[in-house]
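The values are calculated or read from the model by the stated rules, or taken from the named source; none is laboratory data. What you see is a predicted model; the values in this text were computed from it and never measured. Glycine also receives a Cβ, built like all others from the backbone with ideal geometry; neighbour counts cover every protein chain displayed.
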Amino acid sequence: MTEFNYVAVTNDGREAKGRITAGDERAARAELKRQNLLVVKIAQINALSRDIDFSDLAIFKKKPKSRDLSVFCRQFVSIINAGVPVIAALEMLAEQTANKVLSKAITETRISVEKGESLADSMRKNEAIFGGRMFISLVTAGEASGTLEISFSRMAEQFEKDTKLNDMVKKASVYPIVVLIVLVAVIGVMLIVVVPSFVGIFDELGTGLPAITMMVVNASNFMKARWYVVLIVVVGAIIAIREYAKTTSGKALYSRVTLKLPVIGDLIVKSSSARMSRTIGTLLAAGIPLIQSLEITANSMTNFLFRDKLMSAREDVAMGNALSDSIRKGSLFPPLVYQMMRIGEESGDMDSMLGKIADFYDQEVEAATQRVIALVEPAIIIIMAVVVGFIVMSIMLPLVNMYGALDNL
């Protein structure tokens, strides 16, 4: 197959430029004609004519966030409700979408729809970019029932809630990370710059140094002479931990450890309950079967234990058990979750009840986030004060001892 650059004119007189892959130039022209494009110029791409597009490099690709996808869904609904055909709506959205990755995916979707494929099948080719299997399932249901705008509205709300939830969780984690980085930087500066300036003074004293001073001085000497060893160990440890975290056992261990953490574990449980309830509720409201909804929701969970729990619940439901009973096993979710699920099952209004559960835990996550920040901030400051105070004390203690000896003379 060969790549060609082309310049063409659309049916409405606009210029269109792009690339096409075909067996030869004749096949390329035939494909462009099938797309209702009048070819003005076409040329084979070679090493000299190939344009370097840095945006195609993986390092420059920016995957769309939930906020980008919610805007896309809202705009799609507005355009469709105005009577614009799907193909024209996709073309308009591709032009005005700021995120290049999402814009390219929308363009590819439009081209696929023009060839006669359904919107869901066209979007499935870029499933990860459009938000995963949940999005595709809702679009499929919307096309089948003729309520495509409702499906997109539900996804817009889902993306907006996810954005708010993720922002709250990040808010609770970013501050401690920043402060820890500052703490490490302060310790490094003191060991590499401050402590060595006092070593000469200590040598002139000609007396034995306290144990804590010797400890700090030795650490300072090691950092100055073998700083690269520390760097290699730290970077190696980070890489090893990240690679291990990608394994099944690593994911399980990380999930168990985070759930055991005070305050943080509570935040994870509540945020997972909110995401689980809202996702299943949205899928059920769109007419997606419960078993399929559980599988889609399980794959969307970030915590391995919650993902595994929902897959187990899927198997239980497939065997005829109630979802509330399946969720209750293992005591991973709070009692309120399966109690309200049972009410929804008995009343036949499961999707609405799940929405109420999600709204409740959204508020709980916000309150838990504030508690995490309120507790972590002073804790980290205390740790920083203790570490820095230890280093300062190790420096000052020999000087105080020296001045005390002089006073006794």
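Key figures
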| item | result |
| --- | --- |
| Residue in the stretch 27-46 that is under 38 Å from the mean Cα position of the chain (by Cα) and either part of a strand (DSSP E or B) or at pLDDT 80 or above (or both) present | yes |
| Single residue of SER153, SER197, SER145 found to be of a type outside the set (A, V, I, L, M) and in the same structural domain as LYS224 (by TED's automatic domain parsing) | SER197 |
| Any chance ILE129 is buried (at least 16 other Cβ atoms within 10 Å of the Cβ), touching a residue at least 12 places away in the same chain (Cβ under 8 Å) and closer than 22 Å to ILE291 by Cα | no |
| Single match in ILE357, ILE327, ILE382 (criterion: assigned to a helix (DSSP H, G or I), β-branched (Val, Ile, Thr) and touching a residue at least 60 places away in the same chain (Cβ under 8 Å)) | ILE357 |
| Members of the stretch 155-180 that are of a type in the set (A, V, I, L, M) and either surrounded by 15 or more Cβ atoms within 10 Å (Cβ to Cβ) or in contact with a strand residue (DSSP E or B) (Cβ under 8 Å, 6 or more places away or on another chain) (or both) | MET155, ALA156, LEU165, MET168, VAL169, ALA172, VAL179 |
| VAL400, sole failed condition from (1) more than 17 Å from VAL269 (Cβ to Cβ); (2) touching a residue at least 12 places away in the same chain (Cβ under 8 Å) | (2) |
| Per-region count, the stretch 132-151, residues surrounded by 22 or more Cβ atoms within 10 Å (Cβ to Cβ) and under 13 Å from PHE76 (Cα atoms) | 2 |
| Residue among PHE333, PHE304 that alone is more than 21 Å from the chain's Cα centre (by Cα), farther than 26 Å from ALA141 by Cα, surrounded by 17 or more Cβ atoms within 10 Å (Cβ to Cβ) and at pLDDT 85 or above | PHE333 |
| Test: GLU127 is at pLDDT 80 or above, in contact with a Phe, Trp or Tyr (Cβ under 8 Å, 6 or more places away or on another chain) and charged (D, E, K, R) | yes |
| Matching helices (runs of 4 or more DSSP H) fully within the stretch 209-320 where at least 1 residues are without any contact (Cβ under 8 Å) to a residue 12 or more places away in the chain | 211-245, 248-260, 264-285, 304-318 |
| Residue within the stretch 141-162 that is closer than 30 Å to ALA358 by Cα and assigned to a loop (DSSP other than H, G, I, E, B) present | yes |
| For LEU294: the one exception among (1) surrounded by fewer than 20 Cβ atoms within 10 Å (Cβ to Cβ); (2) on the phi < 0 side of the Ramachandran plot | (1) |
| One residue from SER112, SER151, SER118 being among the polar types (S, T, N, Q) and touching a residue at least 60 places away in the same chain (Cβ under 8 Å) | SER151 |
| Filtered residues of the stretch 347-359 (kept if crowded, with 17+ Cβ neighbours inside 10 Å and within 24 Å of the chain's Cα centre (by Cα)) | LEU354, GLY355, ILE357, ALA358 |
| Scope the stretch 332-352; condition among the hydrophobic types (A, V, I, L, M, F, W, C) and free of Cβ contacts under 8 Å to residues at least 24 places away in the same chain; matching residues | MET340, MET341, ILE343 |
| Scan of the stretch 79-119 for residues that are of a type in the set (Val, Ile, Thr) and assigned to a helix (DSSP H, G or I), ordered by number | ILE79, ILE80, VAL86, ILE87, VAL101, ILE106, THR107, THR109, ILE111, VAL113 |
| Residue match in the stretch 360-367 (condition: part of a helix (DSSP H, G or I), modelled with pLDDT of 85 or more, out of contact with any Ser or Thr (no Cβ under 9 Å at 6 or more places or on another chain) and among the acidic types (Asp, Glu)) | no |
| Meets criteria (surrounded by 10 or more Cβ atoms within 10 Å (Cβ to Cβ), under 26 Å from LEU397 (Cα atoms), in the same structural domain as GLU377 (by TED's automatic domain parsing) and not basic (Lys, Arg)) for VAL229 | no |
| Single unsatisfied condition, VAL178 versus (1) assigned to a helix (DSSP H, G or I); (2) under 30 Å from ASP68 (Cα atoms); (3) in contact (Cβ under 8 Å) with a residue 12 or more places away in the chain | (3) |
| Hey, LYS246 among the charged types (D, E, K, R) and either in contact with a helix residue (DSSP H, G or I) (Cβ under 9 Å, 6 or more places away or on another chain) or at pLDDT 85 or above (or both) or not | no |
